[in-house]
Structures are given as structure tokens and as C-alpha cells.
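Here is the structure we will look at.
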Amino acid sequence: MHKLLLRQLQQHCENAGLEYSQQPLLQAISNTYEEHELDRKALDESLFLTSKELNERTQLLRTQLQTLSQIQDQLQKSLTALNATFDATGEIILSLDNLGRLVKSNKMGKELLPEIAKYEGRQQAISWQNVHKMLLNPWHLTEIVDSLQKQPKINLKGTLHFTNGRIFEYHSLPQLQNNLLIGRVWCLRDVTEEKKIEEFIHHQAYHDLLTGLPNRHFLLEKIDAIIKDNPEKDKKLAVIFIDLDNFKKVNDTDGHEAGDKLLRIATKRMRNCVRDGDILARLGGDEFLILIESPISQSGLTRMCSNILDTLKKPFLLNNHNHFISCSMGISIYPRDDTVPDGLIGKADMAMYRAKKLGKNNFQFYSEELERLALHQLEFENNLRVAINKQQISIQLQPEINITTGKIVAAEALARWTMADGTVIPPTQFIPVAEQANLIGEIGRLVFDKVCKEISRWKRHGINDITVAINLSAREFKDSELVNNIHRKMLEHAIDGEKIVLEITESLFMEDKESVLRTMNQLRDIGIRFAIDDFGTGYSSFSYLQDLPIDYLKIDRSFLIGVTENKKKYAIARSIIDIGNHLDLKVIAEGIEDQETLDFIISNQCAMAQGFFMHNPLSTDDFFALLIKDRATK
Ligand code: C2E
Ligand code: MG
Ligand code: MG
């Protein structure tokens, strides 16, 4: 029986004086009690379990809630970071959905493209037509739309030029979610300044700073492109190579600023001579080139070149005085003369060179004949090189006599080139080539050495009163070693400077006066004297006679030929002698071929004479023999 019931029954019986007996009813009640007890226990247990489970769940939920809140926090942070980045970037970012509606734009987008950013959050798609109107290259937008229609998931990039002058580089990426296209992100970067710098650098690389003209680089690429575009070679092209004559003189006399100014003025003048579409370029220094692409006849080219010659001949007013230049031009034609850019320019250059040789201030068309001439020149140059090495250069000495005494007082050393077969080439032919080929220095040293040997030979025979005149080209004057070389040779042969006269020509006055004067003074310091050769034929300037240390003046032969019959020549020759005498210079008349001319110079108090009438140039041995004879008749 259920304990509680038993206890209650026993209590009740005891209290009532009844005897306790286990009756079936009671047993049933007891059972019920026990069952109830069991149920309650089971309920308790179940309640206990439920409450435990609930507690656990609550705990789990709490943890999950915490995690969620942390995640939310992190998400919030990421979002703010993303938004900040979105706005902080220098690029415009536009996020569009599949319908072309602007979902989001960043700060930059709102600032730089407000017309587009205003669509943000609207139900309305961005109007492509409006964007079209904003572009300088609207066709590009049409291309973009077309390619997106064909391949919606494509990555795109390119450049958009806006009508407001800005240039944007764009990148466009598809926005995918679970591999489904949900929109597109556009990043646009303002590259206007970058492009400007790029353009500037490009311009610098292809243009000449001084004149603003295209440069050699530009030209070569341009000609190359034209030639490549014309595989049939049915298009003609003309190239005019222009080189200014005597430009260096302006630089030397008036400085580089004046030179630069002249180049700019010359550029303007030449520009007026070319047609629209022709390209005038500067190759460097005083070299220009005109590239003519559009059809032009030979006579058209001739006219253009003549106009350029005329316009450049006009005076250039620099530093308050007029300068005069001219130009030499060479023309080559594609495809007739050459089919590659370098070759075409080279051939025009060759023709220009010919124009220079023909006396400057003219133009020449390239021809094969001209090339043969150039080749001949090259061969001549090489032969001259060999001649120098093989000692084929010798000297002759032409006596110069004192007019008063009739005695030989000096000699002029004249270079001779005797070839292996005995042919003698005159200096008028090989000296200019030697000057151009940079061989004049070697010839000069050779002549000087031979002269020194002759002077010491005479000295050994007791003849010590002859001076020798040596011709010196203007180019030799530029050699910084000139003075040292001369001095060394003089010491080597124990020769006094007084025995040497250097003949310089007026062309030297075109060079930098300061440096010419410095060299002359250094040579004077070692006793050497100077004569101006061919006086009156070149750039005669009395200021040079006054400023430079000169002792002799040689009247050019051209003033003396027929001097007695020609009034003008008579006047010029007399005046030159007068000027020389008044300046205390010894005047030497060269090229005396007859008695009349000799009489003329005698009566005009010329100091010395030289010419075939008295003596031809002689071999060193013949001259030595003549000297001995001359002394014997003293
Ligand atoms: P230049 O200095 O005026 O020399 C005088 C030239 O006149 C020489 O010609 C001489 O032979 C020539 N000559 C002399 N008397 C007469 C005459 O009565 N009638 C005629 N028709 N001619 C006469 P060459 O020897 O042919 O020399 C020509 C030029 O070559 C020289 O002119 C000089 O400028 C240059 N030259 C000669 N040797 C040298 C040299 O060693 N170095 C340099 N740099 N130039 C030289
Ligand atoms: Mg001379
Ligand atoms: Mg002369």
C-alpha cells in the first residue's frame, strides 16, 4: 500500500479506535495513489528535462545572438569602410543594374558626372542619348552598347572624350551573383592631365623646340608610314633638303641668340613658300626638309625652291643690323630616286651637297650622274688619304722679289700632289677636298715640315735671309694643337719664327674673331708673321686690318690682270697698295705675268712681287740652285 495512504489510514484508525484492515477498495485507492505518484514522478522528471533543455537552448540562442550581433557589427564596419573607400577613390564608380538603372554612384561620380549621378536610386534607366551628347567620340559609346548586347558578361575598357574637354579612361566589369548577371560596375578615371602630359612629351619627341617644326624622328616615321600605305608605289613623294649658307657666321659674329632668331624668321619665311599639307621640318642645326605628299610637277617644285631662295636672300634684321644668308637645296623623288626614308633623305642631302659645291644659293635635283660625281669625290678623297700616307705631297717654292733690289727675299710654299703615274694634281683641286675631308691639318703639317727642312738646308749653306710664306686654311686655325705643332717643328729644326709668314685668307674673318686673334697672338709670340692672301676677293673688312696683327697684304692676281687697260682695276689695285702702305703693311703683288704689270706695281710703290714673269713655282732643289745663283750675283 502507498505509504502515505497507509500512514493516513493507520492514523485515522488509531484515532477512531478502529482496527485497520486492508480492504480491496483501499487497496485500489492505494494503487491509484501509487500510480499518481509514479505519474507525478514522471512529470517531474519530464519537467526537469524540459527545463534543462530550455536552459540549454536559451544559452545557445544567446551565443548565436551574440555572434550575430558581432557579425552585424563587422558587416557594418565593412560597409562603412566600403562606402568610405567608394567615396575616397579618385575614380568615378557607377553601379548599374541589368535595366541600366543607376543603383549607386560614389562621391566622385556626383562631383564629376552630376548629369549621370542624378539618376541614382531612380526607377528610370540612364539615358544613353544624353550621354551621347556629352561625348566628343559618341560612336565609341554605340560600340560599347553593341558589344554589351552581344556579350553581356564581357570586361570592357577604353577612353571617353567629353565635350567639356575632360578625358576619362573607363573599366567596366559585370556584377555576378551566383554566376548570374545582376548588373555592371563602371569605373572611370579622369586622365585629362595625364593625356596632356603624354601629348606634350609626344610633341617634344617629335618636334623641334626652337622652331616648333616637326623633327627628323617625325619625318622618318611619316615617310615610312606613307611608303607602307603605298605598296603599289603609285604615289609620288618629293623631299627637299635645305641647308642655310653662311649661317655659322651669324652665330659667331652675333651670338647664338641672334642665330636662333634667324632660324625662327627663316622658318616663318619658308612656311609661306610651302602649300597646305606640305610638311616643313627641321632636321637640326641649319638643316630643314620639306616633305611633299600631294601631287606636284617638276616645275612646281622648281617654283617652290626658287621662292625659298628668294625669301631667304632678303635681309634678316638682327641686333639692329642686317644679316644676309642664302640656302642650298637638294631634291629627291619617291619612288624614282629611292624607296626607303633614309635613302630618300640621303639622296636629297647628296643633291644639296652638289648645290653647295656649285657655289651655294641654288637647288639641284638628285640624279644618278650626281651620285657618280659624289662617288668620284669619295674616291678622290680616299686617294688623297693614300697620297698623304705615301708622301706623294710635296712642295714647290715660288720666289718673291723685293721690287727695289730685284733680289729674292722670300718664297711661297705651294703644295703639289704627284700621283704614282706622275700626274700632278694642282692644289686648287685637292685643297678644298682636303678641307672637307678633314685632311687639311695633315697636309698643313707636311708642308710645314718640308719648309722647315728647306730653311735649315739654306742655313747650312749660309743663306739665312729668306722668309717662307705658308698657306693656312681657315679650318687649320680651328685646330687647338696648331700653335703647339708649329712651335715643336720650329724647335726640332732650330728655325726662327721670323723666317715664317703664314698666309691667311679673308674667309678666316668669318670665324670667331676672339679665338682667331688669340691664336694669331700666340703665333706672333714665337716670331711668326701674317699675310692676308688674295686680298680684295673675299670678305674684305678694314676693321680686321686695323685689329689683327698683320704684316703683309697680297693683292689678288685678278686685280692685276690687264690692270693697265682697265680703269677700275687700276683704281682698285692702286687703292689696295695705298691702304697697305699707309697701314705700314708690306704689299705683295701676286700673279705678275708681264713687264707692264711689273712696271705698274713698281710705280705704285708696291714692296714685293711674285709671278710667272719673274719665276714659276720651282722644285725645292731648283729653288735652292736659284738662291745660290741669286746670291752669287750680289
Ligand atoms: P695662292 O696662295 O694665291 O697661291 C698663288 C697661286 O698663284 C699658286 O697657284 C701659284 O702657282 C699661282 N701663281 C703664281 N704666279 C702666277 C702667275 O703669274 N700667273 C698665274 N696664273 N698664277 C700664278 P697654285 O700653286 O695652284 O695654288 C693655288 C692655291 O692653292 C693657292 O693660292 C693656295 O690658296 C692654295 N694652296 C697651295 N698650297 C697650299 C698649302 O700648302 N696649304 C693650303 N692651305 N693651301 C694651299
Ligand atoms: Mg698664297
Ligand atoms: Mg694668293
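Just so it is clear, none of the values below were taken in a lab; they were calculated from the coordinates. Treat the numbers as computed from the prediction; the structure is a model and nothing was measured. Methodologically, a virtual Cβ is constructed for each residue, glycine included, from the backbone with ideal geometry; neighbour enumeration extends over all protein chains shown.
Observations
- Amide H within-cut-off set for L237, under 5 Å, with H built and near neighbours excluded: Y334
- Expressed as a fraction of 2.2 N^0.38 Å, the value expected for a compact globular protein of N residues, the C-alpha radius of gyration of the range 393-437 is 1.53.
- Cut-off under 5 Å, modelled amide H: who pairs with Y552 long-range: F530, A531, I532, K586
- Seen from E120, the other residues with C-beta closer than 14 Å to its C-beta sum to a net charge of +2, counting Lys and Arg as +1 and Asp and Glu as -1.
- Cα gyration tensor shape of the range 485-623, rounded if a/c is under 1.5, else prolate or oblate by comparing a/b with b/c: oblate
- Relative contact order, whole percent, for the range 455-513 stands at 49, derived from Cα pairs under 8 Å and 6 or more residues apart.
- Whole-percent pair-distance distribution, where bins are 5 Å wide, for the alpha carbons of the range 252-354: 2, 11, 21, 24, 19, 12, 7, 4, 1, 0
- Rg/Rg_ref, the range 147-190, where Rg_ref = 2.2 N^0.38 Å and atoms are Cα: 1.34
- Cα radius of gyration and Dmax for the range 467-532 (Å): 11.3, 34
- In this label model, Q27 and Y206 are separated by 12.2 nm, measuring between points 7 Å along each Cα→Cβ vector.
- Lys-Lys pairs in the range 27-144 that are eight or more residues apart or on separate chains and whose Cα atoms lie under 22 Å of each other come to 8.
- The mean sequence distance of close C-alpha pairs (under 8 Å, at least 6 residues apart), as a share of the length of the range 283-425, puts its relative contact order at 13 percent.
- Ellipticity estimate at 222 nm from DSSP helix runs (n ≥ 4, -39,500 (n - 2.57)) divided over the chain, nearest 500: -16500 deg cm²/dmol
- J(HN,Hα) series, the range 421-436, from Karplus relation 6.51 cos²θ - 1.76 cosθ + 1.60, nearest Hz, glycine and proline x: 7, x, 5, 9, 9, x, x, 4, 8, 9, 5, x, 5, 4, 5, 5
- Working from Cα pairs under 8 Å separated by at least six residues, relative contact order for the range 531-582 is 34 percent.
- Cross-link partners of K236 among lysines (Cα-Cα below 22 Å; sequence separation of 8 or more within a chain): K222, K228, K347
- For the pair T142 and S394, the difference between a 0.36 nm per residue extended length and the Cα-Cα distance amounts to 82.5 nm.
- Each listed q (0.21, 0.24 Å⁻¹) maps to a log10 I(q)/I(0) for the range 39-101 from the Debye sum over equal C-alpha point scatterers, namely -0.90, -0.97.
- Relative counts (whole %) of C-alpha pair distances in the range 330-428, using bins that are 10 Å wide: 14, 27, 21, 21, 11, 5, 2
- Backbone phi angles across the range 571-585, fed through the Karplus curve with coefficients 6.51, -1.76 and 1.60 (θ = phi - 60°), yield HN-Hα couplings of 5, 5, 4, 4, 4, 4, 4, 4, 4, x, 4, 5, 8, 6, 9 Hz in residue order; Gly and Pro are listed as x.
- For the range 1-50, chymotrypsin sites (Phe, Trp or Tyr not before Pro) are listed when DSSP marks them as loop and at most 14 other Cβ atoms sit within 10 Å of their Cβ; the list is Y20.
- Computed from phi, the 3J(HN,Hα) profile of the range 481-492 under the Karplus parametrisation 6.51, -1.76, 1.60 (θ = phi - 60°) reads 8, 3, 4, 4, 4, 5, 5, 4, 4, 4, 5, 4 Hz, with x in place of Gly and Pro.
- Sparsely packed loop sites in the range 288-370 (the GluC sites (Glu not before Pro) outside DSSP H, G, I, E and B with at most 12 other Cβ atoms within 10 Å) do not occur.
- Each of C606, C187 was scored by other Cβ atoms within 10 Å of its Cβ. Listed from fewest to most, they are C187, C606.
- Partner lysines for K629 [C-alpha distance under 24 Å; skip if fewer than 8 residues away on the same chain]: K407, K450, K453, K459, K499
- Here's the list of lysines a cross-link from K249 could span, going by alpha-carbon distance under 17 Å and ignoring same-chain residues fewer than 8 apart: K261, K313, K314, K356, K360, K478, K513.
- Under the combined filter of DSSP loop state and at most 16 neighbouring Cβ atoms within 10 Å, the range 382-432 retains these trypsin sites (Lys or Arg not before Pro): K390, K407.
- Of the cross-linked pairs K357/K390; K248/K268; K157/K196, those separated by over 23 Å at the C-alpha level are K357/K390.
- Exposure proxy for I201, I279: other Cβ atoms within 10 Å of each Cβ, ordered fewest to most, give I201, I279.
- Under-5 Å amide H pairs with A469, H placed in peptide plane, nonlocal only: A411, E412, A413, V501
- Using 0.36 nm per residue and subtracting the Cα-Cα separation, the extra length available between D342 and L47 on full extension is 95.7 nm.
- Along each principal axis, Cα extent of the chain, largest first, Å: 203, 59, 51
- Beta bridges by DSSP in the chain, antiparallel share as percent, to the nearest 5: 70 percent
- Prolate/oblate/rounded call for the range 179-262, Cα gyration tensor, a/c under 1.5 rounded: oblate
- For the range 359-477: rounded, prolate or oblate by the Cα gyration tensor [a/c cutoff 1.5]: prolate
- Tail fraction, Cα-Cα pairs, the range 441-554, threshold 26 Å, whole percent: 17 percent
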